[in-house]
Structure formats: structure tokens, C-alpha cells
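Working notes for the structure below.
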Amino acid sequence: MYHKRQHGRTSFGIVTAIALAILPFLFCSCLDIPSTPENRREIEHISVYVMQDGILDSSLLKIHPSDSATLKVNVFPRQYKDDLSFEWIFERNIVNGHVTETLGTGDKYVIPPAAKEASIPTHLIIRDPLGSEMKISLDIAVNTPPHMDSLLSPTAGDTLYGSTSTAFEFRWQASDKDTELGDKLNYTLVIDGMRYNLGTLNHIRQSGFAPGPHSAYVIVTDSYGDLDSIAPQEFYVLDTLEGSL
Amino acid sequence: MKRALLILAFLIASCSDSDDFIFDQAEQTEISISAMLSTELDSINRKGKADTIHPRDTLTFIAEIDPSRSIRMQKYYWTLDGHRWASEFSFRTNIAEPGHHKIALVLIDYFGDTLSDTLNVWVGNPPVLNDSLIIPLTGTQGLSPDEALSFAWNAYDPDSIYDIRYHFTLSNRSNDTLLDTTLSNSYLVYKKPFQPLETYHWQVSAYNEIGMKAQQTIDGTFHTKGIKDESCIIGEIQTSGHKNRHSSEKIKIQVSFIDTSGKAVMTDTLAGATNGTLEYKTNPIPAGTYKVVASSIDFSDYLGDSTTVKVLPSEVIQAKSLFLADMIPPTISSVKDNADTLDLGDTLLFHVEDNGDNLSPEDISVTFDSKSIDGTISLKNDTLVVPMTGAPHSTTFRLLTLSATDLSGNESKRSFYVKPDRFWFECNADTTIYEGEVLRLHVEDTNPYGFEPDSFYFDIFTTDQPITIHATNPYVSFLVTSGAFSETTNHVRTGVRYTNGIIKWREWNVTRSFTTRSK
């Protein structure tokens, strides 16, 4: 009895040893061990920028309507860009939800000149090979730059009569097609190199002009940062008042 | 065996103080923490939970732990915007990064519970206001009173994170406020009409979102034009009275505006405090050159002043300030014959006069025998009353000095001699003797020191040798006839020589009348 028990214990040990030897081999042959995490990089960011007239704008996505503009996708690291697919869509809200229309695919989209609202993408859908997708909202500003029409007073070559304390009128005019859409124009008046930020004022009176030549011009800036200016206008101040007494 | 185990368990239980380790809520002390900050070096007095500071300001952070900092705890630390920052209970540092910061004190107690308290700090630099690049430039002339006027100025936030607000005020020359508002834009259009030929002041102060005020302020002035090119002269007249003294007196000043032909085109009378500033403004006058002359009407001590002004068409010109200065000090004299030597009486009277502002007792100081007696004097209609009732008796002359300072700071000082009120001896006083009369000359020693008289002297005839009488007792007298006095006024000296060598004299006069006394 004692011997049998001893024999049985020996047999069990042999089987266990064999099983333990085979088990790692089985595990190793069945598992597909992934590469170490350090070697795999994730897509860190995806951004959209606009190119128009050779100028790149990635912050405001601002275009002016007269020329065509190209929207491009920037992926970092860029080697993953080829694995992704892109869909440019126009989405319009209606009463019971919204209507979606695909405008194009690929990593770039060309907005035609004088594009209508429906041909400017509002969103970009990005899909990876596994079918996951991400939707990026695009807020593309169509802005017509302002135009500085003229310095109405004083005009180039004007002679102004007065002393250093006489208040001379400065008046100017600018235009912007987008003012009806809420675009505001701000002005910077530059007199003899000194810049006066005047906000929306388009008319001031200023003194302090010694007899002799002076110059003035105005820079107009719209809400999107587009600006225009005119060439400095030279005018003359003549102090005839002193001699009249 | 079982019994032995039971006994052993009983013994162990009876020896142990396990009751002490049983949780008793009543014995627990609640822990609380509070984070505080202070900008003061003395952090005890002014502590708070929030503050607004400059990047270079030093803050003291204080951890207050109740019941005490010596409680058992695992750890404590401070965080700045969520990041581990410091590990002291209290420390001093600055926060250089502009913006809103949250500073938290975190304490993990012995049981692992976390307590925390949070402070808020706003860091920023005040906005910068350009006080020279302004529209309209200060001193601008000829602005139309009927047109809207645009104001503009430049400012920026050095941190580029805070919005700037502007406090704008507009007032006229009389300091009536026309507009007092807060703006978010650095420009303003004022559309209400102005008064013609008027001067206006406008001021701008800039503040950022956290209430920091720009060091600079804009203080501009402009003038509106008149009708038909008429002009105006404005200015101020300062009087020299002491600025720190309130004066109830009014000074009347006449201001004349004289053109180049010598004609006064306008004369005005101003009235105001003698120690202040009076402002004037002409009516609309033609452009030209004018002499502005100012003089005091009723205070002759104030010297006049003048200036010449050239005013252009439609200008409001600010003339140079005129200054009426009181350059003449008060005068001091004794009421009785303006004498320098005075008899000591219950009161002494003086004239203290000034042709400027009225003087008050505060403007006068009196010293008698080197002691101030300011507190007892009074002044009524230029008459100074100096009570002398408390003055100690004296056998010598004493000095009484008066000093008077008018409101323009002009000071005059004069000293008087006060005669002795006690003498070493008594003798005759001033008297008159008629023809045929006799006069008893007498002397009685009353010296307060107990000196022994040796001789008495009577110097009647102004000779070198006075009448000398040996003193056998303290009193001597004798008679002389009127014929002994040959002059109309005769100076007589009476003297006493003491045994210790001291000689004292008193002078008096005998007026000789060469007629008989009328009955």
C-alpha cells in the first residue's frame, strides 16, 4: 500500500513537469505579441489651414471672396495622413435638424471664386482605416478687406492757417463691403509719424502744428484684421494770425 | 490545563489598558486649516484670502492650523494653480506670472484625510496711459461750440491679458461736471453744445480689470471760440496770504484790461480771500494786445501786479498769473506817546497796525523779561492789551518785546523798557514850584536788601558836587525856596550811598513857574 502510493506520487510529478514545460511553448505559439508601446506613435493633432494668393492662414481661416482658396489638412505625424480619409461637408441647420451635403473628399478642397455659402465647407470628417471618425467644425470667414478711400481734410497740398493752438479738422472716408454683416472699421490716424488709435472715429480736430509742412494718413482695419491705408498726404500750416495783430 | 488558560487570560485582561484605545468621540479634536496671505511685512495685522498684486510684490503665505501645527499629520504642502509649489507652513515669495492664480494649502492628517483651503491672487501690471498723445491736444483753441467734439487717447495693458476701462470726466471752468462716465473704448464723441468762449477740462484715468490704475492721467484743456472772431482773456490773481491760515477778511481787487491806445476796455472788481486765488474772465473783446493790471482796493499793503497779453481772434487766452503781495510788515507803537520806556501798570497798551489782512492775537507774540506772555494778550481794533497784573515787582528796568507777523509772513519786532516798580529809596517826584513857595526835599531808604545808608545826595543845581547829608537814620528832609530853581525845567537827582559802596540815583524834574500860584 505504501509502495503504491509512492509510485502514484512519482507518476503525478512526471506529468506535472511535462505540462509545465509544454505550457510556455503553447502560450508563445498562440499569442501575437504586439510591439512595445514606445515604438508606436499616435496622431498628435490634425488641423486645417487655408491658402489664398500664396498666403497661409491657419488661425482665422479667413478668405476673401474674389479669388479661389484652398483648404488643406495638416496631420502630425504626417506619415499617418495617407491612412486617413477626409470628407468636406456643408451642414445647414433646419427646423427639424440639419441637412448635410458632401462637397468633396481628399486632404484638400478648393473653394471657387465668389463662392456661394453652400459651397464652403462647414465641417471636415476624418476617418481612419478601422472606421473610426472625427468631425472637425470649420468656421471659415469670408471677408472683404476694407478700403481706405481718402483723407477728405486736409487734402494733399492744403495750406491751413492758424497758430499752434488752432484746431484743424481731420476727416476721412473708408469703405468695406462687409459692414452690413457687422464688420466694424477701426482707424489709426498717423500725423507726423505719431499714431493715434481712434477706434471708429472718422473725424477729429487737433492742434499743435508748428508753421511748415506736415503729413497725415489713415490706416483702416476691419474686424478680421484686414487693413488698408493711403499714402501720407502732405499739408502746410501757415501762421498768419500772429502777424495780424 | 483549561483552568490555567482562563486564569492567564484573566490576568492579561486585568493588566491591560485596552480601554484607552477604544474610540471615544468626545475626546476627539477637530482639525481645521486656513490659508492666509498678506502683502504687509507685518503679516499679523493684515491678512486675507485674496489680493491683487504686482508681479514684483512679495506675498507672505501663512498656514493656520487648529489646534496647532504640532498635530500628527502625514504631510502638508502648497499648490500654485494645481502644481506642487512649497512645503513650508509660512513663506514669502512673489508670483511673477500675470493672471488669476489659485493657491491651495493641502494637509493630509494622520488618518489620511485631506484638508485644503484655497487663496485667490490676481497678478498684473497697471495699464499704461499715454498722457501726451491725446486728441484734442491740451490748449486747443477755437473749437466750435455747436459741433460734436471727438476725444481720443492711447493706452495699453503691458500684460496683454486684461481689458482696460477708462474714467472720463468733462467739466467747465467753474468745475461744473458735464460728463462723468466709464468707457471701454479709448475714444468718445461728445455731442452736446458747449458755451462760446469757454474753457473746458477733461480728464481720463485708466484701470485694468483687476482695478489697477495707470500711473498716468490725462488732464486736458480746450477752449471754444467766440462769435464773430471775438476773444477772451482769462487768468487768476494770487494773494500772498498764508495758505494755511483761514482768513475771514475779503480782499477787493480791481482788474483793468488796457488796450494799446491806453484805453481800459474793461474793468472788473473781484473779491475773495486774502490768502487764495481769484479768477477773472473778460467779456468778449476784439483780438489784440492788452495790459492786465490788478491792484488791491482796500489793502494798501498789497502791491499791484500787471502782465501783457496778446489774444488772437476767437481765442480764449490764459494770462500769466498775477501776484498781489503784501510786502509791508505791521507797525508797533506804544499808545502813550509812542514811548520806548513805559511805566509798569496793570495793563500796557500798544498799537499794532497792518494795512493788509486783520491781525489776530495769534499773529502777535509778547515776551516780558524773557518770558512769553502770549496767552494773556488781547487785540481790539488794532489796540493790543497786555495785562501786567501778574508781573513780579522789580527794582530794575525790564525788557518787553512785541513781535507781529501779518498773513503774508512779514514780521516786525519792537522792544520797550518797563520801568522798575520798586525802588531802593523813596524821594520826590516831578513837581511844579511857584514864585515864593518852598519845596521839601526828602529821601527815605527802603532798600529790600537791608543795606545800611551811608549818605544821601541831592543834586539840585546840576553841579559836580551834590548836597551830601550823612545818614544817621533812614529818613532825611529839608526845605528849599523857589529861588533855588533858576530854570523853567530843572533836573534833580536824589541818591543814596550805602555803606557797602553801592550808590543809587533817581531822577525827577522841578518845573519852575515864575508867577505866584493862583488862588
Self-check item: Residue ID - nearest to residue B:301 (Cα to Cα), chosen from residues in the range B:384-404 that are at pLDDT 90 or above and polar (S, T, N, Q)
Solution: B:403
Quiz item: Assuming residue B:149 fulfils every condition listed in (1) open to solvent by 20 Å² or more (accessible area, probe 1.4 Å); (2) touching a Pro at 6+ places or on another chain (Cβ under 9 Å); (3) within 12 Å of chain A (Cβ to nearest Cβ) apart from one, which condition is it?
Solution: (1)
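Taking the range B:152-189, which residues are over 27 Å from residue B:122 (Cβ atoms), within 14 Å of chain A (Cβ to nearest Cβ) and open to solvent by 30 Å² or more (accessible area, probe 1.4 Å)?
Scanning the range B:152-189 gives B:187, B:189.
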Practice problem: Working only within the range B:78-98, note down all residues that are in a strand (DSSP E or B) and either at positive phi or touching a His at 6+ places or on another chain (Cβ under 8 Å) (or both). | Solution: B:80
Exercise. Filter the range A:150-185 down to residues that are in a strand (DSSP E or B) and within 10 Å of another protein chain (Cβ to nearest Cβ) and give me whichever is nearest to the chain's Cα centre (by Cα).
Key: A:170
Quiz item: Which one of the conditions (1) touching a His at 6+ places or on another chain (Cβ under 8 Å); (2) more than 14 Å from every other protein chain (Cβ to nearest Cβ) does residue B:369 fail to meet, given that it meets all the rest?
Solution: (1)
Quiz item: Restricting to the range B:126-174, what's the tally of residues that are more than 24 Å from residue A:169 (Cβ to Cβ), among the polar types (S, T, N, Q) and modelled with pLDDT of 95 or more?
Solution: 2
Quiz item: Identify, please: which residue in the range B:121-149 is outside any strand (DSSP E or B) and of a type in the set (A, V, I, L, M, F, W, C) and is, among those, nearest to residue A:188 (Cα to Cα)?
Solution: B:137
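For every residue, the table says whether it meets (1) assigned to a loop (DSSP other than H, G, I, E, B); (2) over 23 Å from residue B:355 (Cβ atoms); (3) within 14 Å of another protein chain (Cβ to nearest Cβ).
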| site | (1), (2), (3) |
| --- | --- |
| B:280 | no, yes, no |
| B:283 | yes, yes, no |
| B:298 | yes, no, no |
| B:313 | yes, yes, yes |
Self-check item: Matching option when the condition is within 14 Å of chain B (Cβ to nearest Cβ), closer than 30 Å to residue B:137 by Cβ and in contact (Cβ under 8 Å) with a residue 40 or more places away in the chain, among A:193, A:208
Solution: A:208
Exercise. Quick one: which strands (runs of 3 or more DSSP E) lie wholly within the range B:324-376 and hold at least 3 residues that are out of contact with any helix residue (DSSP H, G or I) (no Cβ under 9 Å at 6 or more places or on another chain) and surrounded by fewer than 18 Cβ atoms within 10 Å (Cβ to Cβ)?
Key: B:347-353
Exercise. Report whether or not residue B:399 is of a type in the set (A, V, I, L, M, F, W, C), surrounded by fewer than 14 Cβ atoms within 10 Å (Cβ to Cβ) and assigned to a strand (DSSP E or B).
Key: yes
Quiz item: What do you reckon, is residue B:439 open to solvent by 40 Å² or more (accessible area, probe 1.4 Å), farther than 20 Å from residue B:396 by Cα, part of a strand (DSSP E or B) and aliphatic (A, V, I, L, M)?
Solution: no
Practice problem: Being farther than 14 Å from residue B:154 by Cα and either open to solvent by less than 50 Å² (accessible area, probe 1.4 Å) or within 14 Å of chain A (Cβ to nearest Cβ) (or both) is the filter here, so list the residues in the range B:190-207 that pass it. | Solution: B:190, B:191, B:194, B:197, B:198, B:199, B:200, B:202
Quiz item: Of the numbered conditions (1) more than 14 Å from chain A (Cβ to nearest Cβ); (2) surrounded by 15 or more Cβ atoms within 10 Å (Cβ to Cβ); (3) in a loop (DSSP other than H, G, I, E, B), residue B:251 satisfies every one except a single condition; which is it?
Solution: (3)
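The values are calculated or read from the model by the stated rules, or taken from the named source; none is laboratory data. Treat the numbers as computed from the prediction; the structure is a model and nothing was measured. Ideal geometry is used to build each Cβ from the backbone, glycine not excepted, and the neighbour counts take in all protein chains shown. Heavy atoms of the whole protein, side chains included, go into the accessibility calculation; ligands, DNA and RNA do not. Shrake-Rupley method; radii C 1.70, N 1.55, O 1.52, S 1.80 Å.
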